[in-house]
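Mind having a look at this structure? Questions to follow.
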Amino acid sequence: MLKSDLIKSILKKHPYLSNNDIELIINLFFKKILLSLKDNQNIEIRGFGKFSRKKNIAKYVRNPKTGEKIFKEENYKIHFKVGKTLHNKIN
């Protein structure tokens, strides 16, 4: 689903809201998630899931094409753990 599809589906359910208002709400929602993850805070949406930040340690990795060893610095990845309610609805 694209962001524009999400906006259209919300607009169908709530026609009294403008397209710009819905887009602003969605952008603020994602921005808040991003800023919280940057501050190393977890985001939990009950019934949906939990977003957290995991650290990848610095290490040497190998390029599979050339066999060359490359040093990869530490970085972070986003981890999502699905909530029970969403898991039960999907299965």
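Taking the condition in contact (Cβ under 8 Å) with a residue 24 or more places away in the chain and within 17 Å of the chain's Cα centre (by Cα), does Lys77 pass? Outline the logic, then answer.
Details: in contact (Cβ under 8 Å) with a residue 24 or more places away in the chain: yes; within 17 Å of the chain's Cα centre (by Cα): yes.
The answer is yes for Lys77.
State all residues of the range 1-49 that are hydroxyl-bearing (Ser, Thr, Tyr) and either in contact with an Asp or Glu (Cβ under 9 Å, 6 or more places away or on another chain) or farther than 27 Å from His87 by Cβ (or both); if no residue qualifies, say none. If you could, list the steps in order and put the result at the bottom.
Initial filter on the range 1-49 (hydroxyl-bearing (Ser, Thr, Tyr)): 4, 9, 16, 18, 36.
Scanning the range 1-49 gives Ser4, Tyr16, Ser18.
Let me ask something else about it. Do the conditions hold for Ile90, that is, is it free of Cβ contacts under 8 Å to residues at least 12 places away in the same chain, surrounded by fewer than 12 Cβ atoms within 10 Å (Cβ to Cβ), of a type in the set (A, V, I, L, M, F, W, C) and within 25 Å of Lys12 (Cβ to Cβ)?
yes
Of all residues in the range 63-86, how many are open to solvent by less than 50 Å² (accessible area, probe 1.4 Å) and of a type in the set (A, V, I, L, M, F, W, C)?
1
Quick one: how many residues across the range 1-44 are of a type in the set (Lys, Arg) and open to solvent by less than 100 Å² (accessible area, probe 1.4 Å)?
Here is the first cut: in the range 1-44, the residues of a type in the set (Lys, Arg) are 3, 8, 12-13, 31-32, 38.
Among the residues that remain, those that are also open to solvent by less than 100 Å² (accessible area, probe 1.4 Å) are: 3.
The total comes to 1.
If we scan the range 1-23, do we find a residue that is of a type outside the set (S, T, N, Q) and touching a strand residue (DSSP E or B) at 6+ places or on another chain (Cβ under 9 Å)? Break it down stepwise before answering.
Restricting attention to the range 1-23, the residues satisfying the condition of being of a type outside the set (S, T, N, Q) are 1-3, 5-8, 10-17, 21-23.
Checking which are touching a strand residue (DSSP E or B) at 6+ places or on another chain (Cβ under 9 Å) leaves us with none.
Within the range 1-23 (the criterion being of a type outside the set (S, T, N, Q) and touching a strand residue (DSSP E or B) at 6+ places or on another chain (Cβ under 9 Å)), the answer is no, since none of the residues qualifies.
Of all residues in the range 45-62, count the ones that are open to solvent by 100 Å² or more (accessible area, probe 1.4 Å) and free of Cβ contacts under 8 Å to residues at least 12 places away in the same chain.
Of the residues in the range 45-62, 1 are open to solvent by 100 Å² or more (accessible area, probe 1.4 Å) and free of Cβ contacts under 8 Å to residues at least 12 places away in the same chain.
Separate question: Just checking, which of Ile25, Ile10, Ile33, Ile70 is within 12 Å of the chain's Cα centre (by Cα) and free of Cβ contacts under 8 Å to residues at least 40 places away in the same chain?
Of Ile25, Ile10, Ile33, Ile70, the one residue that is within 12 Å of the chain's Cα centre (by Cα) and free of Cβ contacts under 8 Å to residues at least 40 places away in the same chain is Ile33.
The values are calculated or read from the model by the stated rules, or taken from the named source; none is laboratory data. Treat the numbers as computed from the prediction; the structure is a model and nothing was measured. Cβ sites come from the backbone with ideal geometry, for glycine too, and all protein chains shown count toward neighbours. Calculation scope for accessible area: heavy atoms of the full protein, side chains included, ligands and nucleic acids excluded. Shrake-Rupley method; radii C 1.70, N 1.55, O 1.52, S 1.80 Å.
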